[in-house]
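A short write-up of the structure that comes next.
Just so you know, all these numbers are worked out from the coordinates, no wet-lab data involved. The shown structure was predicted, so the numbers you read here are calculated from the model rather than taken from an experiment. So basically every Cβ, Gly included, is an ideal-geometry build from the backbone, and we count neighbours across all protein chains shown.
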Ligand code: FBP
């Protein structure tokens with residue numbers, strides 16, 4: 001395989017570990033803290049996790065390793081969407097495992113949790129591992145979205161572990177995968193399998209975050225990648241001065257990615273889904289907010305601008321959620337076939353008009369035809385509207401266009417309005433991990449092995465104090481049950497890790513709120529440029545603005 005110069009250079013990069021892990025595995029001791037409680041619904045969670053509930057928070061320190069020596073056979077799984085740094089979690093885990101004993105073995109289960117269920121694996125060894133150090137992607141073993149959640153699946157997993165003598169599984173995933181890791185850990189303990197389960201917090205979305213997990217890995221690199229691209233677009237539109245760019249960014253429901261990109265690039269507009277929900281904004285109100293910026297900028301002769309749209313925005317618009325629910329109902333069961341058999345869009349439109357309430361029809365009518373058709377034609381296997389596929393960047397660009405026409409007719413706006421659309425998602429998920437993600441991920445993996453060697457089960461690898469230099473990071477572990485609460489999912493009460501949405505009273509949003517009126521009218525763009533891997537620490541090791549603000553640091 002031909003290597004790029006950066007790839008070669010990154011192979012040589014030595015990720016920075018937290019100070020207490022730097023003397024090698026023989027010099028890492030454990031300090032147990034207080035017993036923990038779940039964030040809510042304590043009695044229910046305790047009853048559901050009798051073997052893994054209430055365990056103590058743990059921290060590692062420099063000192064003589066007192067773990068019981070044994071040969072460790074460990075399995076590792078990458079679960080869900082790609083996030084930069086996943087390879088380094090595997091590398092950190094591998095290095096700690098081999099440093100403890102050369103005879104230890106790391107099994108990489110292929111293509112996500114299904115690899116464990118199908119007993120499809122590779123044994124990871126030096127040469128193979130070395131080709132993935134500090135690189136992006138999950139291709140070291142592949143990833144997948146199979147959910148590991150039923151007792152039947154757990155029994156298969158336990159059998160596969162028994163067959164190979166595997167006594168620990170590391171699951172690298174987001175909130176759902178770590179919820180499932182917690183249930184698997186409980187199963188393994190309840191059935192005396194002797195298998196430990198450890199989770200690692202991954203997702204570019206940044207929504208696996210709580211008082212213990214400061215950030216999920218991948219968020220740093222993905223947002224820096226998108227911010228580079230958004231900054232480049234800002235420079236382009238500031239040069240030609242002829243387009244409004246509508247840029248959708250990934251992040252599923254939560255708006256963390258959009259907010260961080262806005263803090264990095266200071267666009268004219270950034271929508272925040274959680275605010276839209278709190279203010280119960282309609283689509284038309286959102287379009288008006290953008291149109292106000294277009295109008296005011298045009299009055300200063302600036303017929304250009306940048307608007308960032310979070311992927312999940314439409315889910316937060318109450319009238320849109322109602323419309324989606326009605327459409328799902330309208331096409332439930334047999335009715336999909338009836339709808340599909342209608343000869344043309346005109347007939348389909350009449351069917352829709354007859355089936356929706358007056359209010360939802362009013363919302364449907366203001367949507368551009370392309371989006372209307374998308375709502376009915378591209379549906380998931382259960383027949384539901386695929387909200388994530390809705391091209392909200394086009395939706396708002398077109399709705400604002402209509403507003404500008406109306407304002408022109410009313411004589412309040414004189415200007416030109418031409419648009420471009422972008423969607424940034426996959427571009428950032430496999431980027432070469434920033435130094436932050438390279439260091440953080442390697443530390444998470446190394447730390448995961450320390451948790452295994454000290455016999456912990458049902459813990460999330462935890463590395464904290466992340467806005468400080470890596471030397472000052474704190475390594476340890478937190479029982480996953482501490483992060484659980486009961487939520488209603490698919491009509492049933494389920495124990496889950498609470499998903500972190502953007503907090504409207506949190507420091508990142510407050511900073512944005514204090515500045516956005518100025519950004520909406522003036523041209524305050526900032527140009528973060530490409531991620532830098534070599535050079536001064538303030539350029540190369542800088543955490544996200546979100547993390548810095550959350551931890552009270554100057555930005
Ligand atoms: P995870 O939650 O699994 O980390 O995935 C994140 C994500 O990148 C979302 O931002 C996005 O909505 C989704 O994955 C896309 O999924 P897919 O890769 O299946 O298209």
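Relative to the longest principal axis of the Cα atoms of the chain, helix 219-240 runs at roughly 30 degrees. Computed from Cα positions, the angle between helix 507-521 and the longest principal axis of the chain comes to roughly 30 degrees.
Each residue in 255, 38, 461 was given a count of other beta-carbon atoms within 10 angstrom of its own, and listing them fewest first yields 38, 461, 255. Taking 0.36 nm per residue of separation and subtracting the current Cα-Cα distance, fully stretching the chain between residue 150 and residue 191 would add 13.3 nm. The antiparallel fraction among DSSP beta bridges confined to the chain stands at about 40%.
Classify the range 181-332 as rounded, prolate or oblate from the Cα gyration tensor: take a ≥ b ≥ c as the square roots of its eigenvalues, call it rounded if a/c is under 1.5, otherwise prolate when a/b beats b/c and oblate if not.
oblate
The angle between the Cα long axis of helix 175-190 and the main principal axis of the chain comes to about 30°, on a 0 to 90 degree scale.
Within the range 33-181, what percent of beta bridges assigned by DSSP are antiparallel, to the nearest 5?
So the antiparallel bridges amount to about 30 percent of the total.
In terms of the Cα gyration tensor, with a ≥ b ≥ c the square roots of its eigenvalues, is the range 262-303 rounded because a/c is under 1.5, prolate because a/b exceeds b/c, or oblate? Because a/c hits 1.5 or more and a/b fails to exceed b/c, the range 262-303 counts as oblate.
The residues 120, 517, 220, 205, when put in order of fewest to most other Cβ atoms within 10 Å, stand as 517, 120, 205, 220. Here 28, 71 are placed in order of increasing Cβ neighbour count within 10 Å, fewest first, which gives 71, 28. Take the alpha carbon gyration tensor of the chain, find the square roots of its eigenvalues, order them as a ≥ b ≥ c, and report rounded if a/c is under 1.5; if not, report prolate when a/b exceeds b/c, else oblate. Judged from the Cα gyration tensor, the chain comes out prolate (a/c at least 1.5, a/b above b/c).
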